[in-house]
Amino acid sequence: MMNTNWSVILLLLLSTCNQPQKSNPVQPKGELAFLLQYNNRLPCDVGFMTNHIMERRVSNLLKERYEAFMLAQKEEQPLQVDTVLHTITARFTKPNQQLLELILVDVANDALWIDYHAPDTVLHYADRVSIERPE
């Protein structure tokens, strides 16, 4: 009888050890992580493009096209934050609602993509080409 009790206790202890651990969702810690708090906010209201981090990253990526990119007449749409993939999408359109600029930020992988609709062409930029662009 005593062996049976110890066997049951041992089985109970072992079963509790095999319980899956609850994992907390991993919050990105890169320099772009602060952007995750801006869901449904207008880029101008939160300083999306004038923030020193975004300004540096975008200007390094666009180089000589940066000034034209920033000066283009555009209307902002609210930022879209995907909290599962940790991505931020910013869309800027011309007054007639034609897409002018798209900025996609993958916070988890610290990567940035820009689609820039320049006259007669669409230019695509990526600062980390080894990372697959989320859609």
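Is it true that M49 is in a loop (DSSP other than H, G, I, E, B), at pLDDT 90 or above and aliphatic (A, V, I, L, M)? Answer is yes for this residue. A residue that is closer than 18 Å to Y125 by Cα, modelled with pLDDT of 90 or more and among the β-branched types (V, I, T) can be found somewhere in region 53-62. Return yes when L104 is at pLDDT below 90 and in a strand (DSSP E or B) and no when it is not. Judged against the criteria, L104 is not a match.
Looking only at residues in region 78-95 that are crowded, with 16+ Cβ neighbours inside 10 Å and part of a loop (DSSP other than H, G, I, E, B), the one that is modelled with the lowest pLDDT is H86.
The values are calculated or read from the model by the stated rules, or taken from the named source; none is laboratory data. Please read all numbers here as calculations on a predicted model, not as lab measurements. Here the Cβ is made from the backbone with ideal geometry for all residues, glycine too, and neighbour counts use every protein chain on show.
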